[in-house]
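Okay, structure first, notes after.
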Amino acid sequence: MPKYKVEAIDAKGQGFTDVIDAKDENEANATLRAAGYHVTKISLHKDRTAEKKKKNKSGKTFSFGRVNSKILRDFTRNLSILQDAGLPILRSLNILMQQSKPGALRNALIDVCNEIESGSSLSESMAKSPKAFNRLYVNMIKAGEAGGALETILQRLAEFLERSESLKAQIKSALTYPISILTFALGILIFIMTKIVPQFVTIFKDFDIELPALTKFLMATSNACIQYWYLIPGIPFMIWLFIKVTTSFKYMKFGWDLFLLKVPVFGPLFEKNVVARTTRTLGTLIQSGVPILEAIHITKETSQNAVFERMYQLILEAIREGDTIANPMKKNAAPPIHPACIFYFFCFLGGPIGVLIFLTKFKDKILGDMVVNMVDVGEETGELDKMLYKVADVYDEEVQTYTDQLMSMLEPLMIIFLGGMVGTIVIAIFLPMITMIENLSQ
């Protein structure tokens with residue numbers, strides 16, 4: 001039914017403006033007269049909200065995937081600043097929407113603004129854009145709205161995202177360096193094997209001399225690199241595809257995540273990263289006023305590791321039965337022996353040698369006694385959120401320390417590896433050349 005904007009005067013001569021539903025202007029006029037009002041002006045009411053929503057929708061651009069964590073971090077920090085300055089939430093969102101570049105976040109903010117204008121709360125609006133705002137984000141906003149401390153919650157969220165991004169950057173730094181060096185080293189070796197070694201092979205054939213075993217092996221390897229060149233990019237791709245396909249099954253995903261936590265050298269780094277992230281997530285949720293069961297459930301879903309998901313699920317079930325957090329955490333800190341994990345150790349760490357490495361590590365806990373004790377103290381003193389923050393801070397520092405140690409250890413190893421490979425090639429080439437020189441001198 002159409003809406004009409006009317007201006008009228010009552011019996012006392014006081015004017016007012018209102019919007020009423022009617023089939024046409026005559027019906028609207030008759031309704032007001034019957035109520036004792038004198039209509040001075042009547043016009044069709046245009047739904048500004050619908051117009052604005054339509055206009056905002058037209059501002060969307062094509063995008064795919066989730067919002068980048070760095071972009072979300074910057075948005076949250078800016079939103080907390082605007083809220084701290086006292087601006088209305090809708091105006092703050094509109095300002096940030098206009099400032100943001102076309103993409104997933106801008107599209108999400110358009111939808112959020114439209115939902116708020118339609119009468120939804122901020123948390124309800126954000127929940128309808130899961131590609132930008134995950135469950136952790138939405139629940140913290142919901143807690144802030146319920147407690148009337150949205151600006152405080154936004155500050156905590158911004159700090160949480162900044163610490164998470166910093167931790168992620170440390171992990172990437174630790175992994176990027178050795179991968180880059182290995183890629184560079186392999187590139188050099190492939191160039192030598194495909195371009196340099198074949199030139200010497202031709203020379204050796206012309207002189208018809210007996211080649212040492214090392215030189216024969218080098219020539220065979222060079223020939224294989226030239227003949228089966230497609231395997232050089234193909235093998236890494238097949239390994240990636242193998243992992244992708246196998247981990248698509250829940251059972252195998254658990255084994256792969258457990259393998260990552262227990263693999264030598266890099267396993268402790270992955271483990272410390274997950275512990276720091278999950279304890280900070282849980283501490284942030286509890287401090288923000290989210291109920292403990294909901295907080296643990298969200299932490300489980302955002303852990304991004306099936307082994308920790310299992311542990312938090314068991315903690316959740318124990319709490320529902322009246323237990324504390326520390327007891328089931330201590331009980332399930334050591335994950336079970338998993339055949340899929342043994343399978344990955346066998347495939348990626350040299351068959352039987354990999355299985356032996358697993359047997360030396362299967363009893364290792366994913367949570368240290370320090371974490372359990374801190375949680376226990378936090379429950380007893382009523383300061384669980386503070387204790388979880390302290391645990392996260394400790395593990396953040398351990399990640400930084402371990403990363404530095406890893407870098408200092410990998411640098412000489414990479415140099416030794418590259419030097420050893422190049423040295424072996426040089427020796428394999430020069431051994432027959434020495435024989436050639438001796439034959440020529442005779």
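The values are calculated or read from the model by the stated rules, or taken from the named source; none is laboratory data. A quick note: this is a predicted structure, and the numbers were derived from the prediction, not measured. No Cβ is skipped: glycine too gets one built from the backbone with ideal geometry, and neighbour counts run over all protein chains shown.
Some notes on this structure:
- Qualifying residue in segment 245-255 (condition: under 18 Å from the mean Cα position of the chain (by Cα) and either of a type in the set (Asp, Glu) or buried (at least 23 other Cβ atoms within 10 Å of the Cβ) (or both)): no
- Among the numbered conditions (1) in a loop (DSSP other than H, G, I, E, B); (2) surrounded by 12 or more Cβ atoms within 10 Å (Cβ to Cβ), the only one that residue 210 does not meet is (2).
- The single condition from (1) free of Cβ contacts under 8 Å to residues at least 60 places away in the same chain; (2) buried (at least 21 other Cβ atoms within 10 Å of the Cβ); (3) farther than 22 Å from residue 294 by Cβ that residue 74 fails is (2).
- Within segment 95-109, considering residues that are closer than 22 Å to residue 144 by Cβ and either among the aromatic types (Phe, Trp, Tyr) or at pLDDT 85 or above (or both), the one surrounded by the fewest Cβ atoms within 10 Å (Cβ to Cβ): 95
- Per the listing 367, 356, the residue uniquely of a type outside the set (S, T, N, Q) and at pLDDT below 90 is 367.
- Residues satisfying the stated conditions in segment 86-98, i.e. in contact (Cβ under 8 Å) with a residue 24 or more places away in the chain and in contact with a Leu (Cβ under 8 Å, 6 or more places away or on another chain): 89
- Residue 309 vs. criteria assigned by TED's automatic domain parsing to the domain that holds residue 250, among the acidic types (Asp, Glu) and either more than 15 Å from residue 270 (Cβ to Cβ) or in contact (Cβ under 8 Å) with a residue 60 or more places away in the chain (or both): no
- Residue 114 being polar (S, T, N, Q), buried (at least 19 other Cβ atoms within 10 Å of the Cβ) and in the same structural domain as residue 73 (by TED's automatic domain parsing): yes
- Those residues of segment 99-132 which are in contact (Cβ under 8 Å) with a residue 60 or more places away in the chain, closer than 19 Å to residue 82 by Cβ and within 19 Å of the chain's Cα centre (by Cα), in sequence order: 132
- Looking at 375, 422, 394, 371, just one residue is out of contact with any Phe, Trp or Tyr (no Cβ under 9 Å at 6 or more places or on another chain) and buried (at least 19 other Cβ atoms within 10 Å of the Cβ), and that residue is 375.
- Some residue of segment 205-225 being free of Cβ contacts under 8 Å to residues at least 24 places away in the same chain, over 30 Å from residue 438 (Cα atoms) and not β-branched (Val, Ile, Thr): yes
- Among the residues of this structure, residue 33 does not count as one that is more than 23 Å from the chain's Cα centre (by Cα), of a type outside the set (Ser, Thr, Tyr) and modelled with pLDDT under 75.
- In segment 289-302 there is at least one residue that is in contact with a Leu (Cβ under 6 Å, 6 or more places away or on another chain) and not in a helix (DSSP H, G or I).
- Residue under evaluation residue 406, criteria (1) without any contact (Cβ under 8 Å) to a residue 12 or more places away in the chain; (2) in a helix (DSSP H, G or I); (3) under 30 Å from residue 180 (Cα atoms), criterion not met: (1)
- If you go through segment 249-285 and pick out every residue that is touching a residue at least 40 places away in the same chain (Cβ under 8 Å), over 26 Å from residue 393 (Cβ atoms) and not in a helix (DSSP H, G or I), you end up with 1.
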